[in-house]
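**Student:** First the structure, which I've put down as structure tokens, then a few questions once you've had a look.
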Amino acid sequence: MAYGAPALREVGHSLLRLKKMAPDLPVALICDEPTPYTGIKQIYLKDRSYGARWAKLNLDTLTPFERTLYLDADTRVMSRDIVQGFEILKEGWDLVIVPSQNQGKDLFSHLDRTEREETLASLWNPRPLQLQAGVMWFNLTTETLGSPSASGTPGTSKERVHKFFELWRAEWEKYERHDQAALIRALEESSLRIWLLGHEYNSRHGKVIEHLFGRAKL
Amino acid sequence: MARTWVQALVVINRHDELGAPIRHYKGDWFPCRGRELAQLLSQSKVALPGHSHPVQTAQVGEVGIVTESASTALKGAKCEISYVPGLTLPYEKTLIYRDGPIRPELIPVAFGLLDSWELLVPLWTFSEDATMIGTEKDRALTREVIGELRVPVYDTRQLYALRCPAVERLFKTWEVEKDKLPEGDERLAFLRALYVTPMLILALPPSWSVKDAL
């Protein structure tokens with residue numbers, strides 16, 4: 001996504017790395033005006049929100065792909081291994097994501113006090129695993145893979161993922177700021193098959209995806 | 001998480017959603033959720049629907065712990081314990097406990113979460129991934145199945161499981177994977193089995209087992 005000059009610049013760097021590591025992968029960029037980048041599909045959306053969160057929360061309807069890797073603008077693909085996320089989706093998992101490095105006392109520490117306290121009070125799980133949504137693979141295929149669920153969940157990844165994004169949007173709209181606590185609140189209401197990858201796939205010094213947190217805001 | 005109706009087992013003073021003080025007497029039913037619900041359950045002050053006193057004396061067949069032998073770690077767990085070896089699901093919601101630290105006050109919370117998930121498993125640690133455990137042969141076998149070893153490792157000594165087809169299939173596959181390499185690390189065998197059994201698994205942070213962990 002590219003909203004504003006810093007993000008547009010970061011997307012340029014990110015695209016260079018991505019094209020170097022995975023030149024065969026088609027790329028789409030969500031933005032609110034034409035960008036100088038070529039060889040990619042540009043999807044226009046006026047975003048009303050803090051940090052272009054609304055665009056991110058609508059990825060399920062904006063993506064032109066059945067299996068998508070979402071990357072924040074300030075990420076750098078360092079290895080061809082990003083394709084592994086797509087292999088996991090093919091196995092029947094709905095979402096592939098990496099735990100945040102902020103856990104325990106740092107859980108939701110980036111949130112303002114109201115959202116943090118209200119989130120912790122509203123969650124059934126008093127100690128959730130915080131996930132980092134700046135890198136994630138999600139599945140919009142209609143194949144029915146894996147075990148039939150015992151909990152009566154919809155039968156396809158597409159249905160489950162759309163439902164999850166719908167809940168994520170609704171949770172985000174309660175505070176209209178950050179997306180991570182909204183993600184955890186939404187997951188409590190969702191039925192998603194989630195596979196976790198390690199920090200090499202989304203961290204400051206990740207060997208597969210390096211995440212230069214905050215660079216797109218500068 | 002939607003509100004859950006609970007029955008007071010003692011007199012409870014609390015506030016309603018508008019902040020007004022409210023008192024519930026023993027036997028009263030009232031809705032609550034989130035942290036308050038978890039606290040009331042862990043303090044054995046309320047019972048969930050369908051259970052006479054699930055937290056204190058769980059009905060046979062509903063929730064319980066399966067373990068191979070008595071463990072002091074389970075002292076304080078307020079539900080039925082069955083001493084059975086292996087991966088069995090005698091209860092609708094079962095904690096299969098084999099070893100390691102555990103926080104008994106969170107057991108009822110985990111059983112509540114199984115209303116939404118099929119399996120809950122704490123992560124082993126944040127500092128160790130699957131590249132760091134097992135033998136080379138074990139890791140190679142695992143890489144062959146899951147393609148990538150830079151993944152978090154689950155603490156398979158404690159599994160909160162719903163009795164359902166997905167979990168039953170996972171456990172069968174896990175046994176098969178363990179048999180492939182009897183001397184192997186069962187956590188790697190679990191990853192191999194889980195990978196080919198997409199399901200509603202909720203990973204819990206290590207602090208679910210150890211209070212001061214992250």
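The values are calculated or read from the model by the stated rules, or taken from the named source; none is laboratory data. Predicted, not measured: the structure shown is a model, and the values here were computed from it. When we count neighbours, we look across all protein chains shown, and the Cβ atoms used for this are built from the backbone with ideal geometry, even at glycine. Each accessible area value is taken on the protein alone, full model and side chains, heavy atoms only, with ligands, DNA and RNA left out. Shrake-Rupley method; radii C 1.70, N 1.55, O 1.52, S 1.80 Å.
**Student:** Of all the accessible heavy-atom surface of chain B, with the other protein chains kept in place and a 1.4 Å probe, what percent is carbon and sulfur? Let's see the in-between values first.
**Tutor:** Values: 4830 of 9270 Å².
Looking at chain B in its full context, I get 52 percent from C and S.
**Student:** Out of the DSSP beta bridges found with both residues in the range A:5-211, what percent are antiparallel (nearest 5)?
**Tutor:** Of those bridges, close to 60 percent are antiparallel.
**Student:** Related question: Using helices alone, what [θ] at 222 nm do you get for chain A, with -39,500 (n - 2.57) per DSSP H run of 4 or more residues, divided over all residues and rounded to the nearest 500? Kindly include the intermediate steps, with their values, before the conclusion.
**Tutor:** Working: 7 runs with 70 residues, N = 218.
-9500 deg cm²/dmol, from helical runs alone.
**Student:** Excluding ligands, DNA and RNA, what is the accessible area buried between chains B and A, summed over both sides, using a 1.4 Å probe, to the nearest 100 Å²?
**Tutor:** That pair hides around 3700 Å² of surface in total.
**Student:** Taking θ = phi - 60°, what integer Hz values does the Karplus form 6.51 cos²θ - 1.76 cosθ + 1.60 yield along the range A:67-80, in sequence order, with x for Gly and Pro?
**Tutor:** My calculation for the range A:67-80 gives 10, 10, 9, 8, 10, 4, 4, 8, 9, 10, 6, 10, 8, 5 Hz in order.
**Student:** Using the Cα centre as the reference, give the magnitude of the dipole from point charges on the C-beta atoms of the range B:49-186 (Lys, Arg: +1; Asp, Glu: -1; all else neutral), rounded to the nearest 20 debye.
**Tutor:** 240 debye
**Student:** Within 10 Å of each Cβ in peptide A:74-84, how many partner chain Cβ atoms are there on average? Round it to a whole number, please.
**Tutor:** Taking the mean over all residues of the peptide, I get 1.
**Student:** Tell me, how many Å apart are the Cα centres for the range A:169-202 and for the range B:129-195?
**Tutor:** 26 Å
**Student:** Give the residue from A:Tyr70, A:Leu140, B:Gly184 lying farthest towards the positive end of the charge dipole for the protein assembly as shown; charges sit on Cβ (+1 for Lys and Arg, -1 for Asp and Glu) and the dipole is referred to the Cα centre.
**Tutor:** A:Tyr70
**Student:** Per residue of the range A:115-127, what does 6.51 cos²θ - 1.76 cosθ + 1.60 with θ = phi - 60° give for ³J(HN,Hα)? Whole Hz please, x for Gly and Pro, Karplus curve as stated.
**Tutor:** 5, 4, 5, 5, 5, 4, 6, 8, 6, 5, 7, x, 9
**Student:** Same structure again: Take the Cα gyration tensor of the range A:107-218, multiply each eigenvalue by 5, square-root it, and list the three semi-axes largest first, rounded to whole angstrom.
**Tutor:** 25, 20, 13
**Student:** From the cross-link list B:Lys45/B:Lys75; A:Lys163/B:Lys78; B:Lys45/B:Lys93, which pairs have alpha carbons spaced over 28 Å apart?
**Tutor:** A:Lys163/B:Lys78
**Student:** Please express the shape of chain B as an equivalent ellipsoid: the semi-axes are the square roots of 5 times the eigenvalues of the C-alpha gyration tensor, given largest first in whole angstrom.
**Tutor:** Computed over chain B, the values are 36, 17, 15 Å.
**Student:** Could I ask something else about it? Please list, ordered by chain and number, the residues whose modelled amide H lies under 5 Å from the amide H of B:Tyr154; skip anything fewer than 5 residues away on the same chain.
**Tutor:** Those qualifying (amide H under 5 Å, at least 5 residues apart or on another chain) are B:Trp124.
**Student:** Compare B:Ala70, B:Ala38, B:Ala193 in a GNM of chain B, Cα atoms joined below 10 Å, and give the one with the largest fluctuation.
**Tutor:** B:Ala70
**Student:** Hey, what D do you get for chain A in µm²/s if you plug the Kirkwood alpha-carbon radius into Stokes-Einstein at 37 °C and 0.692 mPa s?
**Tutor:** Reported coefficient: 185 µm²/s.
**Student:** Taking the Cα atoms of the protein assembly as shown alone, what are Rg (to one decimal) and Dmax (as a whole number) in Å?
**Tutor:** Answer for the protein assembly as shown, Rg first and Dmax second: 22.2, 69 Å.
**Student:** Could you report the protein assembly as shown's accessible area per residue, 1.4 Å probe, as an integer in Å²?
**Tutor:** Working: 18190 Å² over 432 residues.
Each residue of the protein assembly as shown exposes 42 Å² on average to a 1.4 Å probe.
**Student:** Rounded to the nearest 500, what is the 222 nm mean residue ellipticity of chain B from helices alone, with -39500 (n - 2.57) per DSSP H run of 4+ residues and division by all residues?
**Tutor:** -7500 deg cm²/dmol
**Student:** Can you say what percent of the DSSP beta bridges in chain B, counting only those with both residues inside, are antiparallel? Round to 5.
**Tutor:** 65 percent
**Student:** Per residue of B:113-119, count partner chain C-beta atoms within 10 Å of its C-beta, then hand back the mean as an integer.
**Tutor:** Taking the mean over all residues of the peptide, I get 4.
**Student:** Under 16 Å from the Cα of A:Lys19, which aspartates and glutamates turn up, not counting those fewer than eight places away in the same chain?
**Tutor:** Of all the aspartates and glutamates, those that pass the test against A:Lys19 - Cα under 16 Å, at least 8 places apart if same chain - are A:Glu10, A:Asp72, A:Asp74, A:Asp81, A:Glu210.
**Student:** Percent antiparallel among DSSP beta bridges with both residues in the protein assembly as shown, to the nearest 5?
**Tutor:** Antiparallel bridges: around 60 percent, rounded to the nearest 5.
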